[in-house]
1. Just checking, how many residues over the range 47-77 are touching a residue at least 40 places away in the same chain (Cβ under 8 Å) and either within 16 Å of ligand 1 (Cβ to nearest atom) or closer than 14 Å to Leu100 by Cβ (or both)?
2. Given the structure, is Gly202 more than 20 Å from Arg288 (Cα to Cα), surrounded by fewer than 24 Cβ atoms within 10 Å (Cβ to Cβ), among the small types (Gly, Ala, Ser) and at pLDDT below 95?
3. With (1) more than 17 Å from Thr233 (Cβ to Cβ); (2) within 16 Å of ligand 2 (Cβ to nearest atom); (3) touching a Lys or Arg at 6+ places or on another chain (Cβ under 8 Å) as the list, and His52 as the residue in question, which single condition is left unmet?
4. Looking only at the range 209-224, filter to residues that are part of a loop (DSSP other than H, G, I, E, B) and either within 16 Å of ligand 2 (Cβ to nearest atom) or at pLDDT below 95 (or both); which one of those is surrounded by the most Cβ atoms within 10 Å (Cβ to Cβ)?
5. Here are some residues: Pro274, Pro164. Which one is away from ligand 1 (no atom under 12 Å from the Cβ), under 17 Å from the mean Cα position of the chain (by Cα) and either more than 22 Å from Cys110 (Cα to Cα) or among the polar types (S, T, N, Q) (or both)?
6. Let me confirm something: among Leu100, Leu113, which residue is among the aliphatic types (A, V, I, L, M) and part of a helix (DSSP H, G or I)?
7. Which is in a loop (DSSP other than H, G, I, E, B) and either of a type outside the set (S, T, N, Q) or exposed (fewer than 13 other Cβ atoms within 10 Å of the Cβ) (or both), of Gly133, Gly148?
Amino acid sequence: VASDGVLIALGGNAFAPPGERLSHAGQQAFALATARALLPLLRAASRALLVHGNGPQVGEMLTRVEVAGDRAYALPLDACVAAVDGELGYDLSQALYNVLRAAGDRREICSVLTQVEIDPQDPAFALPDKPVGRFHAAHDVAALRAQGQTLVEDAGRGYRRVVPSPKPQAVIERDVIARLVAAGVLVIAGGGGGIPVQRRAGLLVGVEAVVDKDHTSALLADALDLTLLVLLTDVAAAFTDHGTAAAREIRAATPAQLEALTAAGHFAPGSMLPKITAASAFAGQPGRRAIICSPDNLDAALAGEAGTTVRLAAGSGP
Ligand code: ADP
Ligand code: MG
């Protein structure tokens, strides 16, 4: 499937299969498998941008910071996101280099640390609801709250820190990313949704928050005027009545149809809803297509035979 510009967003959980302990070797193996799965799509696209999630890895980084105590300097959440994006950007660019070179493709690959500007007035700041890091025992909660963290009980499994997940308003490195992509460089950017920053007295400063990579992906795909947005995740497609006996795959939908399904409560906030919102926002203009699928059904999804395809009108678009 030829496309003149594609953004591929990789689910963070796909880097960290549920129930498996994370390891750096595991991440490298995943990066290699992903690079192989993406090869046909990358070969067909003259312009390509990759965004990846990083939630589980940021959780591990927070634990490192916590366990180190005062033996090593502490990192705030925004710096943890930056550190993990460095690690995963390295893993992905090395895997892509090896897979593309083996296929005789000599295109350049570049990972760009990405800051995303958020609005300090975003309603998410009033309701931090995105869990990050490990579970804590009840007797540790008071000390963590004294450090300014918000902790909530998680269904009997202990306490977890929650942080705001504001919408990204702008990507600070947008123009350099656009120049690289236009020059044919395979760019990895917006890792984990990007490093959240806000403007204070005209200066950028980091914010202790996380941004959903699906929203940042839609923002970047739109800014670069790409034609295909692929959201790869750990489910085969978006479903109606997900998790019930009545669950059904949505094969194709328009943004208007997805809006009606959203209003009826079919998509969980914080997981599938950001993908639906991102896919609808991107595919809301003619000549564009968004796909939600898993890495193993990518080829079938590109052919419209698996996954969920979102287009302005049925049968339209690239
Ligand atoms: P990613 O790292 O790919 O963004 P998420 O966990 O954020 O992963 O989102 C994928 C998850 O969304 C799936 O594992 C699934 O459990 C959940 N989900 C919630 N509602 C739906 C739905 N309607 N259809 C499919 N999956 C859904
Ligand atoms: Mg997600």
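The values are calculated or read from the model by the stated rules, or taken from the named source; none is laboratory data. All values derive from a computational prediction rather than experimental measurement. No Cβ is skipped: glycine too gets one built from the backbone with ideal geometry, and neighbour counts run over all protein chains shown.
1. Residues flagged as touching a residue at least 40 places away in the same chain (Cβ under 8 Å) and either within 16 Å of ligand 1 (Cβ to nearest atom) or closer than 14 Å to Leu100 by Cβ (or both) within the range 47-77 amount to 11.
2. yes
3. In the conditions (1) more than 17 Å from Thr233 (Cβ to Cβ); (2) within 16 Å of ligand 2 (Cβ to nearest atom); (3) touching a Lys or Arg at 6+ places or on another chain (Cβ under 8 Å), His52 misses (1) alone.
4. Among them, the one singled out is Val211.
5. Exactly one of Pro274, Pro164 is away from ligand 1 (no atom under 12 Å from the Cβ), under 17 Å from the mean Cα position of the chain (by Cα) and either more than 22 Å from Cys110 (Cα to Cα) or among the polar types (S, T, N, Q) (or both), namely Pro164.
6. It is Leu100.
7. Among Gly133, Gly148, only Gly148 is in a loop (DSSP other than H, G, I, E, B) and either of a type outside the set (S, T, N, Q) or exposed (fewer than 13 other Cβ atoms within 10 Å of the Cβ) (or both).
A quick yes/no check of all residues on (1) buried (at least 19 other Cβ atoms within 10 Å of the Cβ); (2) not polar (S, T, N, Q):
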position: Arg64; (1), (2): no, yes
position: Ala68; (1), (2): no, yes
position: Ala72; (1), (2): no, yes
position: Ala82; (1), (2): yes, yes
position: Glu87; (1), (2): no, yes
position: Ala95; (1), (2): yes, yes
position: Asn98; (1), (2): no, no
position: Arg106; (1), (2): no, yes
